[in-house]
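Accompanying notes for the structure given below.
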């Protein structure tokens, strides 16, 4: 019976018929399991714990923690989060550096990887069965049209987050010297460090929104009573920029040794301006090297045609 089924699948779908049938069956089973997982009844113990927690919060009138906005994702956190603590910490840090600070960012990230991989795999399988499958189809075409979209869907969220980290890091690096200059002006004008940070968060938003968000988050944490050094260390970790880490070290050392914050900011702001000029000069010096290949590709062939073309035509006419 199995041999007859195998022959039937090969006749219908080509040499890769059994593989396509197994893949389609697995896809159907996974799609059928998703509604069952989402629509499953909540655990009674979880409901009792939730009711008890809500009653305690109502009695004490205190917000003990941020309420989770998506309980379905939290219910399947063990499937949507890595079990390794180091891997989970690395993914959470990368999402923070990309600007995704929500409590469910890790779960949404892994859910998008899973959903896009399964969805594009199914789309590729349908496209292959409708337009490509047949006796002429090769194994390379089967892998490219069936597994290729699934791999693209799995890697798309990772690529998006990586690009977001690069763009955000570049924006923070470009705007940080201006932020230091404005902070120095505020401190020398008589404002405290907390007031200058609040002013920075408001003034930098039109030009550098990501840097303004970081300073605003720092101001909120300091207003909540968190220690300034730990708040600044968290900011440097979220930004992932070496200039910000050095700035945090300068402020922490200034607070430890009791030196003037304005003097430390003046020296460090001058260094950041010089460093920005050096980065601009470095990019300008790299430009001729990058333009050499393009110049050769776009200039040398037309020049050869102009110089050698008439001679070639004349030689060909003499030969005739």
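Readers should treat all values here as calculations from the given coordinates under stated rules, not as data from a laboratory. Fair warning: this is a prediction, and the values are worked out from it, not measured in the lab. Here the Cβ positions follow ideal geometry from the backbone for every residue, glycine too, while neighbour counts run over all protein chains shown.
P(r) for the range 168-277: what percent of alpha-carbon pairs falls in each 5 Å bin, starting at zero?
Per 5 Å bin, starting at 0, the Cα pair percentages come out as 2, 13, 23, 29, 24, 8, 1, 0.
Do you know the relative contact order of the range 168-277, to the nearest whole percent, from alpha carbon pairs under 8 angstrom that are 6+ apart? Let's see the in-between values first.
Working: 94 pairs, mean separation 33.4, N = 110.
Once normalised by length, the contact order is 30 percent.
Just want the ordering: 306, 20, 197, from fewest to most Cβ atoms lying within 10 Å of their own Cβ. Each step should come with its number before you reach the end.
Numbers: 306 9, 20 20, 197 23.
Ranking 306, 20, 197 by Cβ neighbours within 10 Å, fewest first, gives 306, 20, 197.
Evaluate E = 1/(1 + (r/R0)^6) for residue 217 and residue 259, where r is the Cβ-Cβ distance and R0 equals 22 Å; express this FRET efficiency to the nearest 0.05. The partial results should precede the final answer.
Details: r = 26 Å, r/R0 = 1.20.
The calculated FRET efficiency here is 0.25.
As an exercise, use a Förster radius of 56 Å and the Cβ-Cβ distance of residue 181 and residue 83 to find the FRET efficiency, rounded to the nearest 0.05. Please list the in-between numbers first.
Working: r = 46 Å, r/R0 = 0.83.
The computed FRET efficiency comes out at 0.75.
At 0.36 nm per residue, minus the direct Cα-Cα distance, what do residue 203 and residue 276 gain on full extension? Give it in nm, one decimal, please. Please report the intermediate quantities before stating the final value.
Numbers: separation 73, 0.36 × 73 = 26.28 nm, distance 2.06 nm.
Gain in length upon complete extension: 24.2 nm.
Ordered by packing density, taken as the mean number of other Cβ atoms within 10 Å over each peptide's residues, highest first, how do 106-118, 290-302 rank? Don't skip to the answer; put the middle values down first.
Working: 106-118: 18.2, 290-302: 9.8.
In descending order of packing, they fall as 106-118, 290-302.
Residues of the range 232-259 with the amide nitrogen closer than 13 Å to a label point 7 Å from the Cα of residue 226, along Cα-to-Cβ, please.
Within reach of a label on residue 226: 232-239.
FRET efficiency for residue 286 and residue 162, Cβ-Cβ distance as r, R0 = 25 Å, nearest 0.05?
Taking R0 as 25 Å, the efficiency between residue 286 and residue 162 is 0.65.
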